[in-house]
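Visitor: The structure follows.
The values are calculated or read from the model by the stated rules, or taken from the named source; none is laboratory data. Because the structure is a prediction, the values reported are computed rather than measured. Because the Cβ atoms are built from the backbone with ideal geometry, glycine has one as well, and the counts that use them run over all protein chains shown. Calculation scope for accessible area: heavy atoms of the full protein, side chains included, ligands and nucleic acids excluded. Shrake-Rupley method; radii C 1.70, N 1.55, O 1.52, S 1.80 Å.
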Number of protein chains: 2
Amino acid sequence: MANPPAGGEFELIARYLSHLGAERNDVLLGVGDDAAVVRAPPGRDLALAHDTLVDGVHFPHGMPGEQVGHRALAVNLSDLAAMGARPAWALLSLTLPCGDAEWVRAFASGLDGLARKVGLAVVGGDTTSGPLTVGLSVVGWLPTGQALRRSGARAGDELWVSGWPGEAAAGLACIQSGVASQSVPLAELVERFRWPQPRLELGAALLGRASACIDLSDGLAADIGKLCQASGVAADLDGRSLPVSAALRAGAADDRQLRRWLLAGGDDYELAFTLPAGTDPAPLRAAAGCAIHRIGRIVEGAGVRLDGEPVDSASLRGYDHFLADPGRGA
Amino acid sequence: MANPPAGGEFELIARYLSHLGAERNDVLLGVGDDAAVVRAPPGRDLALAHDTLVDGVHFPHGMPGEQVGHRALAVNLSDLAAMGARPAWALLSLTLPCGDAEWVRAFASGLDGLARKVGLAVVGGDTTSGPLTVGLSVVGWLPTGQALRRSGARAGDELWVSGWPGEAAAGLACIQSGVASQSVPLAELVERFRWPQPRLELGAALLGRASACIDLSDGLAADIGKLCQASGVAADLDGRSLPVSAALRAGAADDRQLRRWLLAGGDDYELAFTLPAGTDPAPLRAAAGCAIHRIGRIVEGAGVRLDGEPVDSASLRGYDHFLADPGRGA
């Protein structure tokens, strides 16, 4: 049985966690009562998501607290981005093996920085004793009835992706093999793994434009496969259109590794989305704050093909994707 | 590093967790997308709470899945009850050491039963690999501006409590000492520990009547102490008015143990609340669905006194309250 954190240390921890994120006028009662009380604006739907990160499963054991704090929120915000939702409030559940106040201070700083940047307030949660685990529930808003879903893709739609998929997996491989900072491109990959950026601006810009959307957590092919399954369609990827960054090319030992990272690397937290044919991408490019690339199209059928050949996500994943999340959705 | 649950077993687990709780018309999109989408009614505030239960910390290792599922939801609903909120939606985070589908089936059944009873829908969450931990975020509604707070108690108010505080701690002691089913009163105590009942009806009835409210998770004296601290007042408990059930009396070895259970036993999930002097308790008694007792009054000052003597919650807690939760509010 785990021991609760010691008193003095725990008071410090409680202080670090008591005021995280933005000040918001719609928070009527924050941390400190039995529940938080907030007021949602009229005419909005609420998007609710929860992701839990377990030490050694969802992030490497020994990852600095600031990176864990940033990551825990980024992963959850990415789910809101995929719905087109604007983040508002969060509940934090932090399970700690011991009262390491300095680690918690760094964790709080990483989480707080991203929360303030996106205007989110952490309004409650709890802290418990046990193996290091970070859970966040996030709540965001949407215009009524406009949530982006996985299920809206139709044959004839264009398939797009944001950013440079595979870079996070390559960065993790760099960290694990100890070559992290040997060159500029590899350091870029490592940064991409360490500081995922949720695509909230892009998600919001996709409202009313995209027919379907999903965030990339388990790899490009696997996540597009989920979007196709939910929509009852197939995806044809065009190999020449897949975005390959100079850093990814520099980091890959060979074409096989490059392909595996690109198609099956996890933890990118980019968005894959479908646009009805002929949609003007210019407003999306202007709003996204990141590169977006057209990578293929949606057709009748099932599954994901690359240049006409079926892509087997499971066999692609290989040994270097250790951050496998057996998640079940929201 | 923990291994993800095996494929087939995990699919079973995902199925058990995909439809938990009540069907609700205000759930536009449930489990299976990046986030759930729900629609709150107009003119309501939202109450948000999260509690995490760690195996061996917040429930005894080896507790049957059905009891853990019930308990995880009951503890969270108790937080909503303390605000006067009506439960609506929840996100479930389940961390499992291995893919034990049979345990998850029982867990899901326990959670589902209570969720249906109170009309709550589990709309999302995630399942991860790691040491057994159950987190739930719950969302409920309140009439605008009416949330019950800890901070509203004023000198002159009456202090009340629901149910029979101390019974849960006595039940846990019975389980731990192996005398669980030797007699009817002891079996009653064990049931009280195993199946906590959130006081949602009472909480709703307190809206517009109570000046302050808190749920009892850490013991009567400690939780009333928190209410007093938040309100800037003191509490005078009247020893002859404290409710002592026949079962609690039967279970206690001596008066010292009885007193410790009554004042410092945790995990009761009853409500302590304050009423302006002269408030008619009849409507509360009619609505509560449980006994309520007037146990003292609120006075100027700080701290909790019993028959004029200060109560030291920390020294009372003793060795048998192992379910200590270093929580930090909501």
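Visitor: Of the conditions (1) open to solvent by less than 10 Å² (accessible area, probe 1.4 Å); (2) touching a Ser or Thr at 6+ places or on another chain (Cβ under 7 Å); (3) assigned to a helix (DSSP H, G or I); (4) modelled with pLDDT of 95 or more, A:ALA90 fails just one. Which one is it?
Guide: Among (1) open to solvent by less than 10 Å² (accessible area, probe 1.4 Å); (2) touching a Ser or Thr at 6+ places or on another chain (Cβ under 7 Å); (3) assigned to a helix (DSSP H, G or I); (4) modelled with pLDDT of 95 or more, A:ALA90 violates only (3).
Visitor: Something else about it: Only one of these conditions is not met by B:PHE107: (1) open to solvent by 20 Å² or more (accessible area, probe 1.4 Å); (2) in contact (Cβ under 8 Å) with a residue 40 or more places away in the chain; (3) assigned to a helix (DSSP H, G or I). Which number is it?
Guide: (1)
Visitor: Something else about it: Taking the stated definitions as given, is A:LEU46 touching a Phe, Trp or Tyr at 6+ places or on another chain (Cβ under 7 Å), facing another protein chain (nearest Cβ under 8 Å) and not in a loop (DSSP other than H, G, I, E, B)?
Guide: Here the answer is yes, as A:LEU46 does meet what is asked.
Visitor: Now for a separate question. Considering only region A:20-31, I want to know if a residue exists there that is free of Cβ contacts under 8 Å to residues at least 12 places away in the same chain, more than 24 Å from the chain's Cα centre (by Cα) and within 22 Å of B:ALA35 (Cα to Cα).
Guide: No, because not a single residue in region A:20-31 is free of Cβ contacts under 8 Å to residues at least 12 places away in the same chain, more than 24 Å from the chain's Cα centre (by Cα) and within 22 Å of B:ALA35 (Cα to Cα).
Visitor: Hey, does region A:58-68 have a residue that's more than 17 Å from the chain's Cα centre (by Cα) and aromatic (Phe, Trp, Tyr)?
Guide: no
Visitor: Moving on. Looking only at region A:187-207, decide whether some residue is free of Cβ contacts under 8 Å to residues at least 12 places away in the same chain and either hydrophobic (A, V, I, L, M, F, W, C) or not assigned by TED's automatic domain parsing to the domain that holds A:GLY301 (or both).
Guide: yes
Visitor: For region A:34-50, which positions are of a type outside the set (A, V, I, L, M, F, W, C) and touching a residue at least 12 places away in the same chain (Cβ under 8 Å)?
Guide: Matches in region A:34-50: A:ARG39, A:PRO41, A:GLY43, A:ARG44, A:ASP45, A:HIS50.
Visitor: Would it be correct to say that B:ARG116 is in a loop (DSSP other than H, G, I, E, B), more than 14 Å from every other protein chain (Cβ to nearest Cβ), touching a residue at least 12 places away in the same chain (Cβ under 8 Å) and under 24 Å from B:ALA47 (Cα atoms)?
Guide: In short, no.
Let's see how each residue does on (1) away from every other protein chain (no Cβ under 11 Å); (2) in contact (Cβ under 8 Å) with a residue 24 or more places away in the chain; (3) hydrophobic (A, V, I, L, M, F, W, C):
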residue	(1), (2), (3)
B:PRO97	no, yes, no
B:ASP112	yes, yes, no
B:THR128	no, yes, no
B:LEU136	no, yes, yes
B:ARG154	yes, yes, no
B:CYS174	yes, yes, yes
B:SER177	yes, no, no
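Visitor: If you don't mind, another one. Just name the residue that is nearest to B:GLY140 (Cα to Cα) out of those in region A:148-159 that are of a type outside the set (D, E, K, R) and surrounded by fewer than 24 Cβ atoms within 10 Å (Cβ to Cβ).
Guide: This residue is A:SER151.
Visitor: Among the listed residues A:GLY327, A:GLY301, A:GLY318, which satisfies the condition of being within 30 Å of B:GLU9 (Cα to Cα), at pLDDT 95 or above, out of contact with any Gly (no Cβ under 7 Å at 6 or more places or on another chain) and not hydroxyl-bearing (Ser, Thr, Tyr)?
Guide: Step by step, each of A:GLY327, A:GLY301, A:GLY318 is checked, and only A:GLY301 is within 30 Å of B:GLU9 (Cα to Cα), at pLDDT 95 or above, out of contact with any Gly (no Cβ under 7 Å at 6 or more places or on another chain) and not hydroxyl-bearing (Ser, Thr, Tyr).
Visitor: Further question: Any idea which residue in region A:22-43 is nearest to B:LEU227 (Cα to Cα), counting only those that are facing chain B (nearest Cβ under 7 Å) and in a strand (DSSP E or B)? Please lay out each step first, then the result.
Guide: Applying the first criterion (facing chain B (nearest Cβ under 7 Å)) to region A:22-43 yields A:28-29, A:31-40, A:42.
Now restrict to residues that are in a strand (DSSP E or B): A:28-29, A:31, A:33, A:36-38.
Working: A:LEU28: 18, A:LEU29: 15, A:VAL31: 14, A:ASP33: 9, A:ALA36: 16, A:VAL37: 17, A:VAL38: 21 Å.
The extreme case among them is A:ASP33.
Visitor: Still on this structure, I have one more. May I ask you to verify whether B:LEU12 is more than 11 Å from every other protein chain (Cβ to nearest Cβ) and aliphatic (A, V, I, L, M)? Break it down into steps so the answer makes sense when it comes.
Guide: Working: more than 11 Å from every other protein chain (Cβ to nearest Cβ): yes; aliphatic (A, V, I, L, M): yes.
Against the criterion (more than 11 Å from every other protein chain (Cβ to nearest Cβ) and aliphatic (A, V, I, L, M)), B:LEU12 qualifies.
Visitor: Could you check region A:184-209 and list, in sequence order, the residues that are open to solvent by less than 20 Å² (accessible area, probe 1.4 Å) and touching a strand residue (DSSP E or B) at 6+ places or on another chain (Cβ under 6 Å)?
Guide: A:LEU202, A:LEU206 - these are the residues of region A:184-209 that are open to solvent by less than 20 Å² (accessible area, probe 1.4 Å) and touching a strand residue (DSSP E or B) at 6+ places or on another chain (Cβ under 6 Å).
Visitor: A further question follows. In region A:207-312, which helices (runs of 4 or more DSSP H) lie fully inside it and hold 2 or more residues that are in contact with a Ser or Thr (Cβ under 7 Å, 6 or more places away or on another chain)?
Guide: In region A:207-312, the matching helices (runs of 4 or more DSSP H) lie at A:220-231.
Visitor: Another question about this same structure. What's the number of the only condition in (1) in the same structural domain as A:GLY301 (by TED's automatic domain parsing); (2) farther than 14 Å from A:ALA74 by Cβ; (3) in contact with a Leu (Cβ under 8 Å, 6 or more places away or on another chain); (4) aliphatic (A, V, I, L, M) that A:ALA153 fails to meet?
Guide: So the condition that A:ALA153 fails would be (1).
Visitor: Go through region B:258-279 and report how many residues are free of Cβ contacts under 8 Å to residues at least 60 places away in the same chain and at negative phi.
Guide: 1
So that you can scan it fast, the table gives a plain yes or no per residue for (1) under 16 Å from the mean Cα position of the chain (by Cα); (2) more than 12 Å from chain A (Cβ to nearest Cβ); (3) open to solvent by less than 10 Å² (accessible area, probe 1.4 Å):
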residue	(1), (2), (3)
B:LEU53	yes, no, yes
B:ALA82	yes, no, yes
B:ALA121	no, no, yes
B:PRO143	no, no, no
